[in-house]
Amino acid sequence: QVQLVESGGGLVQPGGSLRLSCVASGSFSSINAVGWYRQAAPGKQRELVATITRSGDTNYADSVKGRFTISEDNAKNTVLLQMSSLKPEDTAVYYCYGDFNSLFRRLGVYWGQGTQVTVSS
């Protein structure tokens, strides 16, 4: 079993910055990919924000390129999302996810509980 716990959300003014953190714990030996999705409102589709693979390749939604940066601290099993130049349309619940392996098999994708980011003046 794998647990993901996010932190760092909150209220910020347009143009401001926030850093989200996600810590993974539990029984896994490696990670195929980790990243962030967001959901703007209940019933709306969850959309990809950013991902980073085991090899270090990153992928960003067009809407956040140049403003958000994803990184990871493997020693701490932590993935970070640095968000800058925030816009009201970035308001959403942000979910951390990870695709994990045990020593013998792929475990699958796990999700955090979500953290609210609100961009408003």
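Brief remarks on what is shown
- Cross-link reach list, lysines versus Lys87, counting only Cα pairs under 28 Å and skipping chain neighbours closer than eight places: Lys44, Lys65
- Long-range amide H partners of Val49 with built H, under 5 Å: Trp36, Tyr37, Arg38
- Fraction of antiparallel bridges per DSSP, the chain only, in percent to nearest 5: 95 percent
- Across the options Val2, Tyr95, Val49, the greatest Cα extent toward the positive end of the charge dipole of the chain (unit charges at beta carbon of Lys, Arg, Asp, Glu) belongs to Val2.
- Residues whose amide H comes within less than 5 Å of that of Lys87, counting only those at least five positions distant or on another chain, are Gly15 (H built at 1.01 Å from N in the peptide plane).
- Protein accessible area in the chain, 1.4 Å probe - carbon and sulfur %: 48 percent
- Relative to the Cα centre, the charge distribution of the stretch 34-121, modelled as +1 at Lys and Arg Cβ and -1 at Asp and Glu Cβ, gives a dipole magnitude of about 160 debye.
- Per residue value of the accessible surface for the chain (all protein chains in place, 1.4 Å probe), Å²: 53 Å²
- Cα lying deepest toward the dipole's positive end in the chain, options Gly66, Leu86, Cys22, charges on Cβ: Cys22
- Coupling constants for the stretch 73-84 follow from the phi torsions by the Karplus curve (6.51 cos²θ - 1.76 cosθ + 1.60, θ = phi - 60°), and in residue order they are 10, 4, 5, 9, 6, 10, 10, 10, 10, 8, 10, 10 Hz; glycine and proline get x.
- Short-range pairs are left out: with C-alpha atoms under 8 Å and at least six residues apart, the relative contact order of the chain is 37 percent.
The values are calculated or read from the model by the stated rules, or taken from the named source; none is laboratory data. Fair warning: this is a prediction, and the values are worked out from it, not measured in the lab. Backbone-built Cβ (ideal geometry, glycine too); neighbour counts: all protein chains shown. To get the accessible areas, we keep the full protein, side chains included, count just its heavy atoms, and leave off ligands, DNA and RNA. Shrake-Rupley method; radii C 1.70, N 1.55, O 1.52, S 1.80 Å.
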